[in-house]
Amino acid sequence: MERAATRHLYLHVPFCPTKCSYCAFVTHVGSLKLADRYIDAVCREMDRAAALRPCGPLDTVYIGGGTPSMLEPAQIERLLRRSRELWGWAADAEISLEAHPATVDEARLHGYRAAGVTRLSMGAESMRHGELAELGRSHGPETVLRVLGAARRAGFKSVGVDLMYGLPGQSVESWRRGLGSLLEARPDHISLYPLSIEPRTVFAHRERRGLLTLPPDGDVAAMYDRACRLLRSSGYEHYEIANWSLPGRRCRHNLAYWHNHEFFAAGVGAHAYLHPHRTVNLSGTRRYIERIEAGESPVAERETLDVPAALGETVVLGLRLLQEGLDLADVRDRFGAAASSAVREAALPLIARGLLVSRDERLILPERLGLLGNEVWQRFVGLNVPPAPAQVA
């Protein structure tokens, strides 16, 4: 089977006003002195990628970070213009930009919209003053609501908001109140993530010193359950473990990840998937720029996926989609009948235990088990599948 053309692009902007207490992403804190050189470097990396694999038109472009909204609209326009020149955009392309609430005002949002951005993804993280201070965030809940209104007036087709739960000092009730205050504003899309203590973060350092008090696991599970019920009653679709949307407002770029489609990526620390390789660019903004300016590849890590690895990824990612689930017909088309049979066989004991549901040639993880997904996914890692005549797509 012939692979579909690559139609998705991720661009990483590392600049951030501060380093948040939980953050382990590749960031460049404080100064924007390197911004113009960095944009030039990202454009040159896109040139390189397009020469190696001329595809398109792009269905989605996602500018993440970091804090892309630290860049001026004209700088964002340069990145988007180059992507469009190289690959073209589909008529209904989804163009997303991540934003920190404290870095944008109405004029700036109008500028991003004019530059081609159609979807805003806002990292609110909490709607409670004390929790935001604990996270090292510089905005308040009222700023989130103000930006939501301004984004709508600027004409964005969709506005999403990210929140975190399981935070230091957070209770089930404070979580309910914060989420409820956001729902009153009816964002198009909501992403909810449990706090994870990542190495080399402020929170990790505090945890080692015994200075970080987190809610018990039972409370974190109750927060997830409370969110599921509250969002469902408010008309949101729980389409992926951590993501809810109003009808017709799902994030198409992230759906491409969960369907395990290929995607281009450019920027410091950016991850790309162009079958059969997954690559990671080097970290360090100045090193990235210098590598590109020297005409060298910025790739620091390259993994070549064999069929079992690619199959395992497809299964795990597909099972994150709580409504459509893993399409076994798609597995058969991409990997062959033997692979589809191996997945079915591995799923049988999970179905018997109620950890998976089989419905219309799909395997679906029940919503209530969203926080236990790892236990299910591990059963599909390293499946022994004989070679198939079909080409992995």
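Here are the numbers for the structure shown:
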{"read-out": "Among (1) at pLDDT 95 or above; (2) farther than 17 Å from residue 263 by Cβ, the one test that residue 67 misses", "value": "(1)"}
{"read-out": "Subset tally (residues that are touching a Pro at 6+ places or on another chain (Cβ under 9 Å), in contact (Cβ under 8 Å) with a residue 40 or more places away in the chain and aliphatic (A, V, I, L, M)) for segment 262-288", "value": "3"}
{"read-out": "Residue match in segment 204-219 (condition: touching a residue at least 60 places away in the same chain (Cβ under 8 Å) and in contact with a strand residue (DSSP E or B) (Cβ under 9 Å, 6 or more places away or on another chain))", "value": "no"}
{"read-out": "In segment 180-205, residue surrounded by the fewest Cβ atoms within 10 Å (Cβ to Cβ) [restricted to those that are modelled with pLDDT of 85 or more and of a type in the set (D, E, K, R)]", "value": "184"}
{"read-out": "Test: residue in segment 64-72 that is closer than 18 Å to residue 285 by Cα and part of a strand (DSSP E or B)", "value": "yes"}
{"read-out": "The listed residue being in a helix (DSSP H, G or I), surrounded by 16 or more Cβ atoms within 10 Å (Cβ to Cβ) and not acidic (Asp, Glu), out of 329, 342", "value": "342"}
{"read-out": "Meets criteria (in contact with a Cys (Cβ under 6 Å, 6 or more places away or on another chain), of a type in the set (D, E, K, R) and within 27 Å of residue 283 (Cα to Cα)) for residue 82", "value": "yes"}
{"read-out": "Residues of segment 75-114 satisfying the condition of being assigned to a helix (DSSP H, G or I), buried (at least 23 other Cβ atoms within 10 Å of the Cβ) and in contact with a Ser or Thr (Cβ under 7 Å, 6 or more places away or on another chain)", "value": "101"}
{"read-out": "Complete set of residues in segment 94-118 that are touching a Lys or Arg at 6+ places or on another chain (Cβ under 6 Å) and not acidic (Asp, Glu)", "value": "96, 118"}
{"read-out": "All positions within segment 44-56 that are over 20 Å from residue 261 (Cα atoms) and in contact (Cβ under 8 Å) with a residue 60 or more places away in the chain", "value": "44, 45, 48"}
{"read-out": "Condition check for residue 90: without any contact (Cβ under 8 Å) to a residue 24 or more places away in the chain and not polar (S, T, N, Q)", "value": "no"}
{"read-out": "Residue check for residue 141: in contact with a His (Cβ under 6 Å, 6 or more places away or on another chain), touching a residue at least 40 places away in the same chain (Cβ under 8 Å), over 30 Å from residue 290 (Cβ atoms) and assigned by TED's automatic domain parsing to the domain that holds residue 227", "value": "no"}
{"read-out": "Residue 206 being more than 24 Å from the chain's Cα centre (by Cα), outside any loop (DSSP other than H, G, I, E, B) and over 21 Å from residue 236 (Cβ atoms)", "value": "yes"}
{"read-out": "Qualifying residue in segment 129-139 (condition: of a type outside the set (Val, Ile, Thr), closer than 24 Å to residue 245 by Cα, in a helix (DSSP H, G or I) and at pLDDT 95 or above)", "value": "no"}
{"read-out": "Scope segment 27-54; condition closer than 17 Å to residue 81 by Cα and at pLDDT below 90; matching residues", "value": "54"}
{"read-out": "Members of segment 163-173 found to be surrounded by 18 or more Cβ atoms within 10 Å (Cβ to Cβ) and in contact (Cβ under 8 Å) with a residue 40 or more places away in the chain, listed by number", "value": "164, 165, 166, 167, 168, 170"}
{"read-out": "Contacts under 6 angstrom Cβ, first residue in segment 294-318 being of a type in the set (Lys, Arg), partner outside any helix (DSSP H, G or I), 6 or more apart", "value": "302/277; 302/279"}
{"read-out": "Exclusive hit being touching a Ser or Thr at 6+ places or on another chain (Cβ under 9 Å), basic (Lys, Arg) and assigned by TED's automatic domain parsing to the domain that holds residue 117, set 252, 302", "value": "252"}
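Residue-by-condition table, conditions (1) of a type in the set (Asp, Glu); (2) in a strand (DSSP E or B); (3) buried (at least 16 other Cβ atoms within 10 Å of the Cβ):
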| position | (1), (2), (3) |
| --- | --- |
| 254 | no, no, yes |
| 257 | no, no, yes |
| 260 | no, no, yes |
| 273 | no, yes, yes |
| 290 | yes, no, no |
| 297 | no, no, no |
| 303 | yes, yes, no |
| 313 | yes, no, yes |
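The values are calculated or read from the model by the stated rules, or taken from the named source; none is laboratory data. Quick caveat, the model's predicted, so the values are computed rather than measured. Here Cβ is always computed from backbone atoms with ideal geometry, including for glycine, and neighbour counts include all displayed protein chains.
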